[in-house]
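In what follows, a single structure is set out as structure tokens and then discussed.
The values are calculated or read from the model by the stated rules, or taken from the named source; none is laboratory data. Fair warning: this is a prediction, and the values are worked out from it, not measured in the lab. Cβ sites come from the backbone with ideal geometry, for glycine too, and all protein chains shown count toward neighbours. These accessible areas exclude ligands, DNA and RNA; they are computed on the full protein's heavy atoms, side chains included. Shrake-Rupley method; radii C 1.70, N 1.55, O 1.52, S 1.80 Å.
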Amino acid sequence: MKACITLLPGDGIGPEVTAEAVRCLQHVARKFNHEFEMQSAAIGGAAIDAEGDPLPAATIAACHKADALLLGAIGGPKWSDPDARVRPEQGLLRLRREFDFYANLRPVAPHPALLDASPLKAHLLAGVDIMVVRELTGGIYFGEKTRTAEHATDLCAYSATEIERIIRVAGRLARARRHRIVSVDKANVLETSRLWRTVTERVLTAEFPDVSLEHMLVDAAAMHLLRRPADFDVMVTENMFGDILTDEASMLAGSMGLLPSASLGDDRKGLYEPIHGSAPDIAGKGIANPYAAILSAAMLLRHSLQLEEEAVALETAVARAIDQGVRTPDIATAEHAPVSTRAAADAVLQEI
Ligand code: NAD
């Protein structure tokens, strides 16, 4: 097949890990006889430096033309003045809004060989396989904001329609997995959460009677994720709770450098990115873990290009590289000496 992918390398380690994901995609294309046309566009701090805008019009145009978008990471100390008028994150938030990427999927399934890389005890991690579904375009991040010298507000708002569509995404995913959903909210305190609970029950009862539902308060969910992570199948939640819980869940896998994500709307176009940030502390050193970016490319193959076999080939190649002990410093141990970003990606290429 022919497909057009827009690359948004961004800042810090973003360009380093994206370059390796691109090499893997090119290799998959050669192996499976596809043609991926890939074109880079500016976003985040790099775009602020170049054009004064974290999401320039040319980038939006390139994204409109593409079948899928592959992002590295954005941000860094250079652009983090709290009083700055233009910030790298605005580029990403606007991109999600522009394409209505309302469903953020973050699979968390620790590799058996890496259980020692997690701060959790290995026996708690056996069998962990969670799909976190985070609502991405509503809630407190997008509500009205006010600020004076002495007072500030952020409005959290959700409509039933916004809740219905994300619950349907979770329902469809649960059906292809273990048929269990935990919906996370704060219904004892927040009106938005009470609406979330009512709508979730309505949609799942009517449209997904074969899927079981458990409501969980966000504070309890934060605790159960550490106490009994293997009990979760699909976890669905609103924007801010999802942001926090997915970072917590990432530690089950051992490193931020291991987890991919997909942000999807109602059509096939999607935005794929590792869950980590631009890691300014290691940027430019050639030691960032490229596995999360490569696994994000695998999600791109699966969800936007419908190339399941190719996606599995890439995921299997990463798993085999890890099996062989090919580890960047974030997951290296005395037994497995650290390798560079490039060497880790080379090992994946060998295995595709
Ligand atoms: P971060 O994810 O960049 O880094 C947290 C820690 O994890 C650091 O010690 C870093 O070295 C390590 N790490 C992250 N990715 C790694 C990888 N692939 N390999 C090895 N180690 C890795 O989070 P942060 O330090 O809180 O944020 C840094 C910048 O990134 C900030 O400007 C923040 O706003 C931005 N950020 C961007 C995104 C995004 O682009 N979607 C997400 C989160 C943070």
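Is it fair to say residue 19 is closer than 17 Å to residue 260 by Cβ and surrounded by fewer than 20 Cβ atoms within 10 Å (Cβ to Cβ)? Spell out how you get there, then give the answer.
Details: closer than 17 Å to residue 260 by Cβ: yes; surrounded by fewer than 20 Cβ atoms within 10 Å (Cβ to Cβ): yes.
Yes, satisfied.
Regarding residue 246, is this residue in contact with a Lys or Arg (Cβ under 7 Å, 6 or more places away or on another chain), more than 7 Å from the ligand (Cβ to nearest atom), among the hydroxyl-bearing types (Ser, Thr, Tyr) and modelled with pLDDT of 95 or more?
Details: in contact with a Lys or Arg (Cβ under 7 Å, 6 or more places away or on another chain): yes; more than 7 Å from the ligand (Cβ to nearest atom): yes; among the hydroxyl-bearing types (Ser, Thr, Tyr): yes; modelled with pLDDT of 95 or more: no.
Criteria not met by residue 246.
Quick one: in the range 63-114, which of the residues that are aromatic (Phe, Trp, Tyr) and within 15 Å of the ligand (Cβ to nearest atom) is nearest to residue 277 (Cα to Cα)?
For the range 63-114, the residue satisfying everything is 79.
Take the range 272-284 and flag every residue that is part of a strand (DSSP E or B) and either free of Cβ contacts under 8 Å to residues at least 24 places away in the same chain or near the ligand (Cβ under 10 Å from one of its atoms) (or both).
Filtering the range 272-284 for residues part of a strand (DSSP E or B) gives 272-274.
Matches in the range 272-284: 273, 274.
Quick check on this structure: which one of 62, 68, 47 is under 27 Å from residue 347 (Cβ atoms) and open to solvent by less than 10 Å² (accessible area, probe 1.4 Å)?
Values: 62 fails: under 27 Å from residue 347 (Cβ atoms); 47 fails: under 27 Å from residue 347 (Cβ atoms).
Exactly one residue qualifies, and that residue is 68.
Restricting attention to the range 244-252, does a residue exist that is open to solvent by less than 30 Å² (accessible area, probe 1.4 Å), under 26 Å from residue 181 (Cβ atoms), in a strand (DSSP E or B) and in contact (Cβ under 8 Å) with a residue 12 or more places away in the chain?
No, the conditions are met nowhere in the range 244-252.
Quick check on the range 172-183: of everything there that is under 19 Å from the mean Cα position of the chain (by Cα) and of a type in the set (Gly, Ala, Ser), which residue is farthest from residue 135 (Cα to Cα)?
Of everything passing the filter in the range 172-183, 174 is farthest from residue 135 (Cα to Cα).
From the residues in the range 184-218 that are farther than 21 Å from residue 240 by Cβ and part of a loop (DSSP other than H, G, I, E, B), which one is most open to solvent (accessible area, probe 1.4 Å)?
209
Restricting the search to the range 157-181, which residues are farther than 18 Å from residue 264 by Cα and buried (at least 19 other Cβ atoms within 10 Å of the Cβ)?
Within the range 157-181, 158, 181 qualify.
Considering 135, 89, which residue is surrounded by fewer than 21 Cβ atoms within 10 Å (Cβ to Cβ) and either of a type in the set (Asp, Glu) or touching a strand residue (DSSP E or B) at 6+ places or on another chain (Cβ under 9 Å) (or both)?
Checking each option against the conditions leaves just 89.
The conditions are (1) surrounded by fewer than 23 Cβ atoms within 10 Å (Cβ to Cβ); (2) of a type in the set (A, V, I, L, M, F, W, C); (3) under 20 Å from residue 290 (Cβ atoms), and residue 73 fails exactly one of them. Which is it?
(1)
Condition check: surrounded by fewer than 16 Cβ atoms within 10 Å (Cβ to Cβ), closer than 19 Å to residue 267 by Cβ and more than 20 Å from the chain's Cα centre (by Cα). Does residue 145 satisfy that? Even if it seems obvious, please write down each step before you answer.
Values: surrounded by fewer than 16 Cβ atoms within 10 Å (Cβ to Cβ): yes; closer than 19 Å to residue 267 by Cβ: no; more than 20 Å from the chain's Cα centre (by Cα): yes.
No; evaluated as a whole, the condition is false for this residue.
Is there any pair with a first residue in the range 285-298 that is assigned by TED's automatic domain parsing to the domain that holds residue 313 and a second that is more than 11 Å from the ligand (Cβ to nearest atom) and in a loop (DSSP other than H, G, I, E, B) whose Cβ atoms are under 9 Å apart and which are 6 or more apart or on different chains, and what are they?
285/340; 286/340; 287/339; 287/340
From 295, 259, 300, 264, grab the single residue that is under 14 Å from the mean Cα position of the chain (by Cα) and within 21 Å of residue 76 (Cβ to Cβ).
One residue alone meets the criteria, 259.
Being within 15 Å of the ligand (Cβ to nearest atom) and free of Cβ contacts under 8 Å to residues at least 12 places away in the same chain is the filter; apply it to the range 314-352 and report the residue that is farthest from the chain's Cα centre (by Cα).
336
If you take the residues of the range 285-313 that are in a loop (DSSP other than H, G, I, E, B) and within 16 Å of residue 5 (Cα to Cα), which of them is nearest to the ligand (Cβ to nearest atom)?
304
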